[in-house]
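Peer 1: Below is the structure I would like to discuss, written out as structure tokens.
Taken together, the values in this text are just the output of simple stated rules run on the coordinates, not laboratory data. Every value quoted in this text rests on a predicted model; they were computed, and no experiment measured them. All Cβ positions, even for glycine, are placed from backbone atoms using ideal geometry, and neighbour counts span all protein chains on display.
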Amino acid sequence: MKKLVLILTLFLVGCEYYEVDCEKYPSATVCQPEEVEKPIIEIEEPVVPEYDLCEEYPGHAECIEPFSSYRISEYSLPSEYSFDTFVSMRFYLSGDQHPNDYQSIAIRLSQKYHQLSNKYDAYEGIVNVRTINENPTEKHFLEPELYELIKFSIANYETSKGYFDISINPVSTVWHDYRVKCEDYYFNDFFCNLPTEEELIESSQYVGIEGITLNDEEMSIQMLEGMSLDLGAVSKGYFAEKLAEKFAQRGLRAFIINAGGNIKTYG
């Protein structure tokens with residue numbers, strides 16, 4: 001009963017009759033000054049300059065008049081620069097274009113990416129995937145094309161949620177060795193076996209994209225002991241995209257690139 005009377009008394013009297021000692025409790029709500037209207041500060045969005053493709057590449061296929069007639073020319077890359085597969089091209093040319101110009105572009109670019117991404121062969125004066133794999137803990141300074149290809153591959157590791165991993169080479173090498181042994185003995189059943197589970201588990205301890213260290217300023221790469229790279233799943237498709245960029249920049253209005261089943265069309 002006493003509690004009920006106390007509650008009713010507080011309700012009838014109200015809280016406004018209770019004075020707060022603002023010197024003692026300066027943070028109390030009643031002790032705060034009335035809110036002053038603050039000016040609205042407008043933040044300007046940064047102006048991103050528009051990219052003018054035709055200013056940078058005036059001869060780009062998208063910046064010149066479409067042709068009214070064309071002729072077709074086909075070309076296949078030499079086997080030594082074709083990523084151990086078949087790479088062919090079809091050009092749709094206007095009257096003032098010559099197929100040799102685009103063939104030479106394809107040869108130079110394919111030679112570069114073939115050599116840089118090769119994990120089996122070494123080339124004098126070139127730091128490529130084989131160079132990196134032979135000494136993974138050493139810091140290797142790369143050419144821009146190989147460095148960007150590796151960065152692209154690591155970015156797609158995240159995109160694929162780890163299903164695409166260029167550090168898989170220790171495991172893929174085990175499979176490769178078994179396949180080569182089978183082929184060397186003309187597919188004799190006695191020599192054609194699958195890797196053992198123990199071998200695959202042992203090699204998998206050296207797989208992990210987090211073991212790769214890149215330095216953008218130096219364009220360098222360094223890896224943990226026992227690691228190695230395999231760019232076989234990405235190099236041909238990446239090359240086809242880069243070659244398509246070169247063709248379009250140099251005014252080729254329509255073409256088809258077939259890099260071992262990696263198809264790129266334009267125009």
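Peer 1: Consider a paramagnetic label point 7 Å from the Cα of THR137 along Cα→Cβ; state which residues of the stretch 223-264 have an amide N under 20 Å from it.
Peer 2: Answer for the stretch 223-264: 223-229.
Peer 1: Determine the sum of side-chain charges near TYR185: Lys and Arg each +1, Asp and Glu each -1, restricted to other residues whose C-beta is under 15 angstrom from that of TYR185. Don't skip to the end; give the middle numbers.
Peer 2: Values: positive: ARG179, LYS181; negative: ASP177, GLU183, ASP184, ASP189.
Its environment carries a net charge of -2.
Peer 1: While we're looking at this one, here's another question. Okay, helix-only estimate at 222 nm for the chain: each DSSP H run of n ≥ 4 adds -39500 (n - 2.57), divide by all residues, round to 500 deg cm²/dmol; what do you get?
Peer 2: Using -39500 (n - 2.57) per qualifying helix, the result is -11000 deg cm²/dmol.
Peer 1: Another question about this same structure. Mind jotting down the distance between the C-alpha centroids of the stretch 249-265 and the stretch 126-193, whole Å?
Peer 2: Here the answer is 26 Å between Cα centres.
Peer 1: Below 8 Å between Cα atoms, with a sequence gap of 6+, how large is the relative contact order for the stretch 111-219 in percent? Walk me through the intermediate numbers first.
Peer 2: Numbers: 88 pairs, mean separation 23.0, N = 109.
Relative contact order for the stretch 111-219 comes out at 21 percent.
Peer 1: In a solvent-free Debye calculation with one equal scatterer on each Cα, what is log10 I(q)/I(0) for the stretch 58-107 at q = 0.15, 0.16, 0.27, 0.30 Å⁻¹, listed in the order of the q values?
Peer 2: -0.49, -0.55, -1.07, -1.19
Peer 1: By per-residue mean of other Cβ atoms within 10 Å, what is the highest-first order of 236-249, 216-229, 45-58? Intermediate results must be reported in sequence, preceding the final value.
Peer 2: Numbers: 236-249: 19.3, 216-229: 15.8, 45-58: 8.4.
My ranking of the peptides, most packed first, is 236-249, 216-229, 45-58.
Peer 1: Over the chain, what is the mean sequence separation of C-alpha contacts under 8 Å (at least six apart), divided by residue count, expressed as relative contact order in percent?
Peer 2: Working: 321 pairs, mean separation 59.8, N = 267.
With pairs under 8 Å counted, the relative contact order is 22 percent.
Peer 1: Quick one: compute the contact order of the stretch 185-267, relative version, from alpha carbon pairs under 8 angstrom and 6+ residues apart, as a percent. List each step's numbers first, then the result.
Peer 2: Numbers: 51 pairs, mean separation 14.3, N = 83.
This gives 17 percent for the stretch 185-267.
Peer 1: Using only the alpha-carbon atoms of the chain as identical scatterers, what base-10 log of I(q)/I(0) does the Debye formula give at q = 0.07 Å⁻¹?
Peer 2: Cα-only, vacuum Debye calculation for the chain: -0.47.
Peer 1: While we're looking at this one, here's another question. What does the C-alpha gyration tensor say about the overall shape of the stretch 190-251? Classify as rounded when a/c is under 1.5, otherwise prolate if a/b is larger than b/c, or oblate.
Peer 2: Working: a/c = 4.97, a/b = 1.57, b/c = 3.18.
Cα axes put the stretch 190-251 in the oblate bin.
Peer 1: What number of lysine-lysine pairs in the chain show an alpha-carbon separation below 17 angstrom, given a sequence spacing of 8 or more or placement on distinct chains?
Peer 2: 12
Peer 1: Cα gyration tensor of the stretch 130-267, axes a ≥ b ≥ c as square roots of the eigenvalues: rounded (a/c below 1.5), prolate (a/b > b/c) or oblate? Please report the intermediate quantities before stating the final value.
Peer 2: Numbers: a/c = 2.43, a/b = 1.32, b/c = 1.84.
Oblate is the answer for the stretch 130-267, as a/c is 1.5 or above yet b/c matches or exceeds a/b.
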